[in-house]
Structure formats: C-alpha cells, structure tokens
1. Assuming R0 = 41 Å, what is the FRET efficiency of Lys335 and Lys638, from their Cβ-Cβ distance, to the nearest 0.05?
2. Around Val299, under 13 Å between beta carbons, what's the net of Lys plus Arg minus Asp minus Glu among the other residues?
3. Hydropathy first: keep DSSP H helices in the chain averaging at least 0.0 on Kyte-Doolittle, then drop any whose Cα extent along the axis falls short of 18 Å, and list what survives.
4. How high is the FRET efficiency from Asp37 to Lys188, r the C-beta distance, R0 22 Å, rounded to 0.05?
5. Under 1.5 on a/c is rounded, so check that first for region 462-505, then, if it is not, pick prolate when a/b is larger than b/c and oblate when it is not; a ≥ b ≥ c are the square roots of the alpha carbon gyration tensor eigenvalues.
6. Quick check for you: which residues of region 501-538 have the amide N under 18 Å from the point 7 Å beyond the Cα of Ile457 toward its beta carbon?
7. Would you mind finding the longest exposed-site-free stretch of the chain, with exposed chymotrypsin sites (Phe, Trp or Tyr not before Pro) meaning DSSP loop and at most 13 other Cβ atoms within 10 Å?
8. Working out 0.36 nm times the residue gap between Lys72 and Gln540, then minus their Cα-Cα distance, what length gain in nm do you get to one decimal?
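The values are calculated or read from the model by the stated rules, or taken from the named source; none is laboratory data. The structure displayed is predicted, hence computed values, not measured ones. Quick reminder, even Gly has a Cβ in these numbers, built from the backbone with ideal geometry, and neighbours come from all protein chains shown. With ligands, DNA and RNA removed, areas are computed over all heavy atoms of the protein, side chains included. Shrake-Rupley method; radii C 1.70, N 1.55, O 1.52, S 1.80 Å.
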Amino acid sequence: MNKILLLLFIAISFSFGSSAQVDSTIGIKAPGNVSRDYKELAHYLCDGLSNDREKANAIYNWITHNIKYDIKSFQKGDIKHPKIEKVLKTRTTMCEGYSVLFTEMCREAGLRAANVEGYAKDWIFDNGDKLYIPRHQWCAVMIDGQWELADPTWGAGGIYQSPTLRKILNKVTRKKITYAKRLRFRFKYNPKYFLEDPAEFKLKHLPADPYWQLADSVMPLVIFETGDSAVKNFNTKYCKTKKNDPELTRISELSEEQKDFEFADRAYAFNNKYPVILALKLTYRAASEVEKALTDSTVTDGRILVNDAVLSLKKSEEYIKEQKKSFPDQYSLLKKKNKTKNQLAKQDIRKIKTDDKRLIAESKKFVHAVKTKTDKLGKSVSKAQKKANGIYSEKIDEIETGKVQKRMSSPEIKALDDSIAARTTRINVLDAEVSVLSEKMSIVQAENRKRLDSLAINIDLADSMLVLQTRSRLGMNDNYDDEIILYSSKFNEYKFGKADSLQKHYLAFFDTIALMQENKQKMQLAQMELYKKNLRGMEQYKKWNNNNAELAGNYKESVKKYMECLNGFTADISGIIAYLKGHRKLFEYLGKVNKKEITLAGYMDKAENMRKILEERALAKKQELDMNENQKQQLAVKNIRKVVDNIAAQ
C-alpha cells in the first residue's frame, strides 16, 4: 500500500537533545562510482567502522546530506513504491524512500533494521486533531542488541516557501531567512532524529503498529492526538522504554507484505479510524488463496479457496469505502477549524491594534499638554520676575516721612498695622500649606516612579513576547499551537493585565502631580503678592510715621522672604519644566512602543492571511490525495476481483 507523506514537517526544532552520541561528519561523502549502488555504498561507508552505532550513523549522515525530498512527486500526488536504484540515481525521494534506503543499507552493513509506518505531526497539526491514515515512515535499527529509532526524512531538512514574508521576518529576526516562490526543499541536517530517545520521539511520531513504540506500555493514539503535554505525562506515569523485545526482531525479518498482513489487526485495534488496513490484509489473503488454489497440488478443492478469496475481496471493498466515508467529516472539521483559528488570530490582532491606537492618541494628548504647560510655565517665571522690579532692601531707607507725622495710635496707622499682621498670618498659613503639599507631592512622585519602573519592565516583557509571537506566526504557527498560546497569554498578561493598567494609573497620577504643582504655584504667587502688599504697607507706614524702630528691619526681612519665595517659585518652575520635558520624551517613547506593536500586529496579520491560505491549500491537497489513493485502491481490488471471478466461473 502506498505510504503518502502529505506535508513534510516544517519549522523543525534544531535542538540537540538526543541521548545518542552523534558524529555529524562521518559518512557525509562518498565517490560517485559507489553512490549508485546501495550495497557498494553501504560497504564503502561502514566496512572500516568498528561498531553498530558508527555504521548506522554513517548511513544516516550520507542519506540526510545527499537525498532531497521529492517536491514534484509530492505535489502531483505521484506516490509509488520507491526503487532504491532510482532514489540513488535521482537523489530524490519521499519519506518511504528515505526509510527503505536507510533500512536496506543497514541490513547490507550487517545491522538488523525495519521500516516503521506511522503517524507524524506536520505543521498544520493542532492538539486534538484526529489522525486517520498513517502518512509517514521512518526506521528502526538494532544497535548493540537494542532497537533504536531514526527518521532520515526529517533529519535531511525541510520545505520552505512564503516569499512575501521574507523581508518582514528578516526585520523581526534580524537575520537572513531563505524563501522561494514555489515549495522547495532545503538541506538542513538535523542529528536530533538519529537514535532519539523513544519517549521524545513519540512527541511527533507514533507507529501504526504499537509494538514499535519501544515501551512496556502502549500509549493510546488519543494521548498522541491530545498534545505534547499529554504524551510527556503518559511517559512519566505509565511507561518505560523497552528496546529489546524479541518479538520486534521476529517482525523485522518479515517481508513488507507479511509485516502488513500480520500487523493489520493490531493497527486497526490501535486506531479504528484506519479500516483500510484491513482491506490490505484481506487483499493479500485473497491473492494468497488464489495462488494456492492454482499452484498447490495438495489442495483437493481449489474452488473453496477461490470462493473464500471472492468474499475477502468483497469485504476489502467495504473497508475501502468505509475509509472513504470518513473523508468529508474529517476535512470539513479541519477546514472549519482553520477558519476558527483565523478568526481568533484576527480578533487578537485587532485587539492589539485598537488598544495601541488608543494609547498613541493618549500619548499625543499628553505630549501636547506638556508642551502647553511648559510654555505657560515659562511665561509665569517671566511675569514673576517682572513683579520683583522695584523691590530691594534699601528702598525703605530712601522713603522720606511727611513733615506732619501721624500718631502711632491714629486709626490709619492702626489699620495699616492690622493689615500687615493679617497678611503675615496668611503668609505663615500658606507657608505651612506649601510644606504639606510639597511632602504629599514627594510621596506621590515616589509612588509614581515605582509605577514607571514596573511599567518599563512590563513593556519590555510584553514587547519580547510580541516579537516572539510575531516570529512564531511568521513561521506559520496559529492560535491552536503551543508556542502561540504561550506567547499570546504572556503578552496579554504583561500588556493588558499589567502595562496598560500601570500606564493608566501612572498618567492619572501624572495629572494629579501636575494639579498639585499648579496649586503650589498659586500658593507661592499668593505669598509673593502678600509679601509685596506688606512691603507697600510698610512703605506707607514710613511716609506717615518714622518712629517705629522695627520698621526698617521688618521691611528688609520681608524683602528677603519675598526674594526667597520668588527664587523658590522659579526653581520649582525650572524643576517642573525639566520634569515635563522628561515626560514629553517618555510619552513620545510610549507612542513609539505602541506604533511598533501596531507594526508587529500588521506583520502577524499578513502572516495569518498567508497561513490560512497555505493551510487551505494543504488540506485540499491532502483530501485530493486521500481520494485519489482510495480510488486507486478500489480500482485495484476491483481488477483483482474480476480475475478471481473469472477463475471462480471456470
């Protein structure tokens, strides 16, 4: 039966976490005169090596450095059993060809090896997706009496495309990314898939025959379908690696037809969404029965076998049709999910853009407000300094008293004394209020500085998560993928859960501080005005009477206080202006951060549009290949049945 790899795994993780020691250079090259025959090639690569691991390693390395994935055949749906001679001649193949070449070369080098058919999670797989037909193939090889796993297809490289996202991804990742207008294969050697720990291997691969899980307990398919976390949990709680089962050695010695015949019932019991495997078994059985009826001289009544073959072929046709019935629902669900993923992504992206547009408008408002306040404060300083003109300590000495002085007990002098005293009391009250307000401002500013520090941390964290999410989406990941789920949830936590709230409160308290500063300025101006009136009152006092010995001292002290108040006012204004200018830069920076987020959201939007289209095409191609394969299977069984019916009719 044809093994079809519908989509080669894209965006392979290039971690080197394998428990096996891998030599990445051994066996990479071989002369052309030995590279056309797998037996000669196997001996060239392995004869000088001392142990099983090195031999398997050399074969893996040569294949993964020299055999390309056959994109044309994949796209055409031209799936045929690979011939090793053609694979070596064209240097192209699909997953079955990689597996068969590795297995046969290992056997020629004296190693036990087997092809393993199974399920693999490609780039459009999402946690919870149901798997029906195993579409990938890898290898098992015995190393020092222990069965190990290898996937030379994934070890060789991957498919790449997405030309329109090249410049975007280059900007985000800050490194050159290769793209093509058409699907192309790119060699990218990955030793991870050579003798990987079976528990890790099961994160992305699961054999159709559960024996090849290399574990003491069979992991159900539903666990594999659920996702990596479920697989890891199962591995930890319920199973241990088992690499030396004698039954596997027996299975590895069977022919491919015998192996398929034998494991069909196990494969169907493991996944009852795979009835076509039973059709394969029954077809093989029917062919064997007819052959026996025609060639085995010990058979007394061949008609019984032929009739049994007819029944087997009828049942085989039923299983093939049963498989076909699953296609509409299977692909309908996947297509609906693709639309849902797109809607969720658009919703997330729209939320980012909407929030950032609001914040940009807010930042612009504050930038404008800061400029207005700064200009106004500059004018306030100028006005205050002009009011100080004509105020100096010696002025009291320059004032001449009238020839006719008013008595100190006169109503006019007494009223003047009372006015000066009342203003002095008011000045002292204002002085206390200014001190209290200044202390409150210091506390609020300190609290706001803490908010700003926390805001900076969370903005940085949110920015990092958004960049990672953007890179992940440009890699065609979606809202159902673990990466996006992680990066999106963290971004939402840092931005919407913390940064936006901190920014809101910071700006609110910025306004509070600005209002407190404004009130303080009013108090300082009121103090200066009271001091000035007192000075004018004392000047009038001297004009009326020159007998108050404390008048000159009080006058000069008031001038000093006035100037101190003016200087304090001016210094405060300078501090406020610097504070506002600093915040103007802050608000401009916040606006730039929000603009960057909008840019990244735009990149994600483009990536999601492309992902949706590519997934639609991939699903359509998968469905087309499934239907074509099913049609070929039906036709093959039908043709065999015609022959058998003719034999039965004789």
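1. 0.85
2. -3
3. Helices meeting the criterion: 276-295.
4. In this case the efficiency is close to 0.20.
5. Because a/c hits 1.5 or more and a/b exceeds b/c, region 462-505 counts as prolate.
6. 501-506, by backbone N distance to the label point.
7. Here the longest run is 17-391.
8. That pair, Lys72 and Gln540, stretches by 157.9 nm at full extension.
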